[in-house]
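Here is the structure we will look at.
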Amino acid sequence: MEKEEPLIYINGKFYPKSEASVSVYDHGFLYGDGVFEGIRAYNGVVFKLREHIERLYASAKAIMLEIPMDKEEMVNAVLETLRRNKLKDAYIRLLVTRGVGDLGLDPRKCKKPNVIIIAEPMLPLYGKESKLRGISLIFSSVRRDRVDATTHQIKSMNYLNSILAKLEAIDAGADDAIMLDERGFVAETTATNIFIIRNGKIITPPTTTGALPGITRNFVIELAGKLGYSVEEREITPFEVITADEVFITGTGAEIVPVTKIAGRVIGRGTAGEITMRLIEEFEREKSNAANGIKIYE
Ligand SMILES: Cc1ncc(COP(=O)(O)O)c(C=O)c1O
């Protein structure tokens with residue numbers, strides 16, 4: 001039997017993947033002018049869906065993009081996309097582009113934003129074994145965008161800053177790259193937030209470094225609190241990362257992944273650290289808890 005094609009939501013209608021398209025005049029394509037969210041569903045519960053929708057609307061506000069539906073309608077559109085695709089566990093990509101305009105960049109020429117929702121089964125991002133073995137990072141020479149520029153506090157469709165750093169990581173044979181802010185303090189990786197542990201203390205950089213205010217990051221701070229650890233948000237130097245007892249990254253796709261090598265230095269004992277493992281266990285327990293999201297099927 002042929003595998004059914006995924007159904008893609010575009011502006012309220014569903015199209016098979018092979019027929020789902022937008023115009024090449026969409027400013028999302030021409031200029032990266034748009035915002036997006038990456039969301040996960042676990043066992044029939046869309047993890048932190050309201051938080052993702054809030055962040056999407058905040059990003060849209062920052063680029064003066066009026067989303068042509070309210071937040072509740074957006075929540076329902078995501079749930080409906082999952083139902084149409086009969087998914088319980090999925091990765092969801094939600095995009096709102098500026099829409100079709102002319103070849104100039106004036107957004108006023110774009111009269112109607114495009115709302116697109118893609119939902120697919122999810123494979124582990126760095127491979128299952130990465131959760132135990134840990135991944136390797138380098139320090140990228142590409143600095144994180146400044147907070148007064150294409151800041152990653154806006155989750156925009158412009159990811160070239162991260163892609164340039166990712167290319168360096170690939171070239172160096174590492175799994176990913178740490179990006180520093182313009183002053184040289186640690187911001188985040190190309191698509192995840194970063195935490196370090198020193199002397200039993202969990203530390204993560206503030207979003208003033210240009211890091212995205214990650215939803216997984218917030219959840220990990222909450223889980224750490226439940227486990228009796230406090231998380232300090234403060235500037236972190238590259239030295240502190242290299243000499244940390246444990247380092248891990250967080251993100252919707254990655255979840256929590258230990259980092260065991262940075263710029264050629266082995267971190268801690270070179271395996272996933274104890275506190276990192278406790279957080280991973282707690283995250284696994286909590287991620288499909290209906291209290292942490294919205295149920296797809298009632
Ligand atoms: C640049 C960047 N930082 C951090 C994250 C992690 O954020 P979240 O936990 O909300 O997925 C992402 C996720 O897409 C990202 O793109």
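Here, each number is a calculation from the coordinates, and none is a lab measurement. Keep in mind it's a predicted model, so treat the numbers as computed, not measured. Note that we place each Cβ from the backbone using ideal geometry, even for glycine, and neighbour counts take in every protein chain shown.
The relative contact order of the chain, computed from alpha carbon pairs under 8 Å that lie at least 6 residues apart in sequence, is 20 percent.
So if I take the alpha carbon set of the chain, get Rg, then get Rh from the Kirkwood formula, what is the Rg over Rh ratio? So for the chain, dividing Rg by the Kirkwood Rh gives 0.97.
Could you identify which residue out of Glu235, Glu286, Glu73 has the top mean-square fluctuation in a GNM of the chain using Cα springs shorter than 10 Å? For the chain, modelled as a Gaussian network with Cα springs under 10 Å, the answer is Glu73. Give the distance, in whole Å, between the Cα centre of segment 1-30 and the Cα centre of segment 154-168. That distance is 23 Å. A full extension of the chain between Arg278 and Asp70 corresponds to an added length of 71.1 nm, given 0.36 nm per residue minus the alpha carbon distance. Within a straight-line Cα-Cα reach of under 18 Å, Lys17 can be paired with the following lysines, leaving aside sequence neighbours fewer than 8 residues apart in one chain: Lys3, Lys86. Between amide H atoms placed 1.01 Å from N, distances below 5 Å from Ile262 occur with Leu137, Ile267, all of them 5 or more places distant or on a separate chain. Helix 71-84 and the longest principal axis of the Cα set of the chain meet at an angle near 90°. Assuming charge only on the beta carbon of Lys and Arg (+1) and of Asp and Glu (-1), the dipole of segment 130-286 about its Cα centre is about 160 debye to the nearest 20.
Its DSSP H runs of at least 4 residues, each contributing -39,500 (n - 2.57), put the calculated 222 nm mean residue ellipticity of the chain at -8000 deg cm²/dmol, to the nearest 500. The long axis of helix 215-226 is offset from the longest Cα principal axis of the chain by roughly 40 degrees. The gain in end-to-end length when the Ala290 to Glu182 segment is fully stretched comes to 34.9 nm, 0.36 nm per residue minus the alpha carbon separation. Put +1 on the Cβ of every Lys and Arg and -1 on every Asp and Glu Cβ in the chain; which of Gly214, Leu167, Ile118 then has its Cα farthest towards the positive end of the dipole? Farthest towards the positive pole: Ile118. Relative to the first principal axis of the alpha-carbon coordinates of the chain, what is the inclination of helix 49-62, with its axis defined by its Cα atoms, in degrees from 0 to 90 and to the nearest 10? It works out to around 80 degrees. Magnitude of the charge dipole for segment 1-60, about its Cα centre and with charges confined to Cβ atoms of Lys, Arg (+1) and Asp, Glu (-1), is about 240 debye. Here the gap between Tyr297 and Ser21, fully extended at 0.36 nm per residue and compared with their Cα-Cα distance, gives a gain of 96.6 nm.
Here the dipole of the chain is about 180 debye; that uses its Cα centre as origin and unit charges on the Cβ of Lys and Arg (positive) and Asp and Glu (negative).
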